[in-house]
Amino acid sequence: MAENNDGVDGDFTTTGKSATELDCLRSELGELQSKLEAAQSELNENARVILELKEQLATNARNNAAKLTEINERYGELRTDHARLGQKLLCKEKDFHQYTTQHEDSKLRDHILVQLKKSQFQFQKALGRPFFLKMRRRAETRIKNDAELVASSGFFDTEWYLASNLDIQQDDVDPVWHFVTSGAYDLRDPGPRFSSFKYHKANPDVTDEGIPALLHYLRNGRLENRSVFKVGDLI
């Protein structure tokens, strides 16, 4: 009877240990289950945050695309405005250059006329002195020689000269004689193939000497290989 009791006690002891271990395992399982639920909750929260971030990124991308389109359109408008302003500035600079050139040419023309008028006054003074026969004859001979030189030069165009100077038609004077005694000293052009002003502009030494452009060219300038300019040429 005693041996049997010892066996039963042993079984109870083993059963008690198993129950305790089982309780421990159940407790650990519960803890793991709680951790798993917490991890799942955190994972769900992270997934929600990621989704929100994706939506925000998509919204930002759409907004940025719209802004980029707006910026590109504005940039295109600014480039168009810049090109238009550049064209206006170019025109203004061209107008200013033209105005400056015209102003400088006007001042130069006045200077040339002053020098030429001094020379014209000298030979007209000689013509107006009837008692100084030698001086008068020299002046008359000079005018005659100048007229022959101009008439045979190929630069004097009678029809063009008359059409360009209506006052000569009204005065009914010989065009060549008018040119060598007056027109050349007024910077008038003898024809379309020779610009008196431009010749003086290119040759200031001729102006300083007070010699009319065409007369200087025919006597000296041609031999010196000086350039001539047509009335419509730019210089």
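The values are calculated or read from the model by the stated rules, or taken from the named source; none is laboratory data. None of these values were measured; they are calculated from a predicted model. Neighbour counts are summed over all protein chains in view; Cβ atoms, including those assigned to glycine, are modelled from backbone coordinates with ideal geometry.
A few points about this structure:
- A count restricted to segment 75-133 and to residues that are modelled with pLDDT under 90 and either more than 27 Å from Asn145 (Cα to Cα) or among the acidic types (Asp, Glu) (or both) stands at 28.
- Count of residues meeting criterion [charged (D, E, K, R) and free of Cβ contacts under 8 Å to residues at least 12 places away in the same chain] in segment 210-235: 2
- Condition check for Leu214: aliphatic (A, V, I, L, M) and surrounded by fewer than 20 Cβ atoms within 10 Å (Cβ to Cβ): no
- Unmet criterion (only one of (1) farther than 24 Å from Leu108 by Cβ; (2) hydroxyl-bearing (Ser, Thr, Tyr); (3) out of contact with any Phe, Trp or Tyr (no Cβ under 9 Å at 6 or more places or on another chain)) for Ser153: (3)
- Counting only residues that are under 51 Å from the mean Cα position of the chain (by Cα) and surrounded by fewer than 12 Cβ atoms within 10 Å (Cβ to Cβ), segment 133-153 holds 1 of them.
- Between Leu133, Leu43, Leu85, Leu90, the distinction of being among the hydrophobic types (A, V, I, L, M, F, W, C), without any contact (Cβ under 8 Å) to a residue 40 or more places away in the chain and under 30 Å from Ala184 (Cα atoms) belongs to Leu133 only.
- Some residue of segment 223-234 being at pLDDT 95 or above and in contact with a strand residue (DSSP E or B) (Cβ under 7 Å, 6 or more places away or on another chain): yes
- The one condition from (1) under 23 Å from the mean Cα position of the chain (by Cα); (2) touching a residue at least 40 places away in the same chain (Cβ under 8 Å) that Ile112 does not meet is (1).
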